[in-house]
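Quick notes on the structure that follows.
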Amino acid sequence: MTNYLVVGSGLFGSTFAYEAAKRGNHVKVIEKRDHIAGNIYTKEIDGIQVHQYGAHIFHTSNKEIWEYINQFAEFNRYTNSPVANYKGEIYNLPFNMNTFNKLWGVATPAEAAAKIAEQRQVLGDKTPENLEEQAISLIGTDIYQKLIKGYTEKQWGQKATELPAFIIRRLPVRLTYDNNYFNDTYQGIPIGGYTQIIEKMLASDLIDVETGVDFFDKKQAYIDQYDKVIFTGMIDQFFDYQLGELEYRSLRFETEEMAVDNYQGNAVVNYTDAETPYTRVIEHKHFEFGKGDKNKTIVTKEYPANWSRGDEPYYPINNDKNNRLYKAYRDLASTEPKVVFGGRLGQYRYYDMHQVIHAALQVVKDELQ
Ligand code: FAD
Ligand code: UDP
């Protein structure tokens, strides 16, 4: 039996805690926020599950991961199909025949492909090296200008020419009339919200959870006290930023209740112009097919924000410079045999939920089997 300390009660830490306790180990979980579940925390307000840290849609093509998460909740059949609002013009996302038809009037895949090929010519033979070039190479200059440039530059606070190409490859480009944002086989939202998943993961008698506790208040004492530490906070902070600061992007959420049944007709509307200060507007009841009071709705605007120490580090910025620095921290981490670094912050990776579970189960294999 091992005594584990898990720092952070997000999906990574909680998956590990659940698996460790299932194998008879003691786990102490400390969480600096006043609630469990990290960024997947949802809270019921007026019968609506409010995604407190931005819209979370579970999606994966890995059957094992899908079955794994389904142990903890029943999922609905929600399919993410956000729309983009560019200065009042509405376009379907991801980039598909509906988008191309609205923008260019084209009706067939061949016409759309020809239009994209024509616009891509501004790049010549160049292999895309940054997000701007990658976007133009995938869908041409018009969509880049209306649906990508403004959104991307406010989301990341950097020029699209300075951002890594992989970020835009998260989005499918399709020559079909299919508005599903994800290509994955499985997708949905847990009925009753995400917090119950983490509650169930942490329910064992062998797990002791304490919220409102910051690991850095007693770092060395914690490391000395436990056999092993699973750390899901920021890796650079763990090492007191001794090699320099990794960069993160933060967010500010503004939530309001409105006395209408249906404010925007969709769960997610992206504002893709540069001037609107927020990127997304979420209307939570649409994740659950309009469930909740007919006279009310809850809407959250998501504002991107600069990160500085003390702010919530929602997104790692995985450009070459930061990835090199992260690698140096990872080398340093190998000198800490009692500590395993995991999750979006511990591994400094733009992980989605299914990837976090996958990574946590990998650590379970290495540690516990
Ligand atoms: P976190 O959830 O960040 O958990 C880490 C926990 O550690 C936090 O609770 C933190 O408070 C705690 N902690 C940190 N430092 C300390 C410390 N020093 N002491 C104690 N506790 C500490 N993924 C999807 O699959 N689909 C989506 O639709 C999706 N949408 C997203 C939208 C937004 C706006 C964001 C930001 C992310 C989204 N994600 C989505 C990604 C998803 O949130 C992450 O993959 C997942 O939540 C990461 O889990 P984690 O445990 O690694 O990190
Ligand atoms: N993106 C965009 N326009 C959109 C939606 C996304 O340009 O309407 C770009 C933007 O650079 C964003 C990236 O695609 O950061 C990935 O989008 P995703 O929806 O996956 O972002 P996340 O939900 O992780 O914030």
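The values are calculated or read from the model by the stated rules, or taken from the named source; none is laboratory data. Treat the numbers as computed from the prediction; the structure is a model and nothing was measured. Quick reminder, even Gly has a Cβ in these numbers, built from the backbone with ideal geometry, and neighbours come from all protein chains shown.
Are there any pairs, at least 6 apart or on different chains, whose C-beta atoms fall under 7 Å, with the first in the range 167-183 and of a type in the set (Lys, Arg) and the second more than 9 Å from ligand 2 (Cβ to nearest atom), and if so, which? Once the first residue is of a type in the set (Lys, Arg) and sits in the range 167-183, its partners that are more than 9 Å from ligand 2 (Cβ to nearest atom) give ARG169/GLN134; ARG174/ASN96.
Select, from LEU93, LEU11, the only residue that is within 16 Å of ligand 2 (Cβ to nearest atom), within 30 Å of ASP224 (Cα to Cα) and buried (at least 18 other Cβ atoms within 10 Å of the Cβ).
Answer to the selection: LEU11.
For every residue, the table says whether it meets (1) surrounded by fewer than 21 Cβ atoms within 10 Å (Cβ to Cβ); (2) within 14 Å of ligand 1 (Cβ to nearest atom); (3) β-branched (Val, Ile, Thr).
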position	(1), (2), (3)
TYR18	no, yes, no
ILE30	no, yes, yes
ALA37	no, yes, no
GLY54	yes, yes, no
GLN71	yes, no, no
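Only residues that are more than 16 Å from ligand 2 (Cβ to nearest atom) and either surrounded by 13 or more Cβ atoms within 10 Å (Cβ to Cβ) or of a type in the set (Val, Ile, Thr) (or both) were counted across the range 120-148, and they come to 4. Answer yes or no: is there a residue in the range 321-339 that is farther than 28 Å from TRP66 by Cα, acidic (Asp, Glu), within 16 Å of ligand 2 (Cβ to nearest atom) and modelled with pLDDT of 95 or more. Within the range 321-339, not a single residue is farther than 28 Å from TRP66 by Cα, acidic (Asp, Glu), within 16 Å of ligand 2 (Cβ to nearest atom) and modelled with pLDDT of 95 or more.
Name the residues in the range 285-306 that are under 20 Å from SER81 (Cβ atoms), touching a residue at least 40 places away in the same chain (Cβ under 8 Å) and surrounded by fewer than 16 Cβ atoms within 10 Å (Cβ to Cβ), would you? Selection gives PHE289, LYS291. Can you say whether THR279 is under 30 Å from GLN145 (Cβ atoms) and modelled with pLDDT of 95 or more, as far as the supplied structure shows? Judged against the criteria, THR279 is a match.
Taken as a whole, the range 334-357 holds at least one residue that is out of contact with any Gly (no Cβ under 9 Å at 6 or more places or on another chain), among the acidic types (Asp, Glu) and more than 10 Å from ligand 1 (Cβ to nearest atom).
Within the range 338-357, residues that are touching a residue at least 12 places away in the same chain (Cβ under 8 Å) reach partners that are crowded, with 19+ Cβ neighbours inside 10 Å and of a type in the set (Lys, Arg) with beta carbons closer than 8 Å, at six or more positions or on different chains, in the pairs TYR350/ARG344; VAL356/ARG344. The residues of the range 280-305 that are within 25 Å of GLY157 (Cα to Cα) and of a type in the set (Gly, Ala, Ser) amount to a single one, ALA305.
Out of all the residues in the range 184-202, is one or more hydroxyl-bearing (Ser, Thr, Tyr) and more than 20 Å from the chain's Cα centre (by Cα)? No, the range 184-202 contains no residue that is hydroxyl-bearing (Ser, Thr, Tyr) and more than 20 Å from the chain's Cα centre (by Cα).
From the list ILE69, ILE36, the one residue that fits, being over 23 Å from ASP261 (Cβ atoms), part of a loop (DSSP other than H, G, I, E, B) and out of contact with any His (no Cβ under 7 Å at 6 or more places or on another chain), is ILE36. Those helices (runs of 4 or more DSSP H) of the range 272-369 in which at least 3 residues are farther than 21 Å from ALA165 by Cα and either hydroxyl-bearing (Ser, Thr, Tyr) or more than 14 Å from the chain's Cα centre (by Cα) (or both), considering only elements entirely within it, cover 320-333, 353-368. When each of PHE216, PHE166 is tested for being assigned to a helix (DSSP H, G or I), loosely packed, with under 14 Cβ neighbours inside 10 Å and within 18 Å of the chain's Cα centre (by Cα), the lone residue that passes is PHE166. Mind listing whichever residues of the range 196-213 are under 17 Å from PHE12 (Cβ atoms) and either hydrophobic (A, V, I, L, M, F, W, C) or crowded, with 20+ Cβ neighbours inside 10 Å (or both)? Selection gives ILE197, ILE198, MET201, LEU202, ILE207, VAL209.
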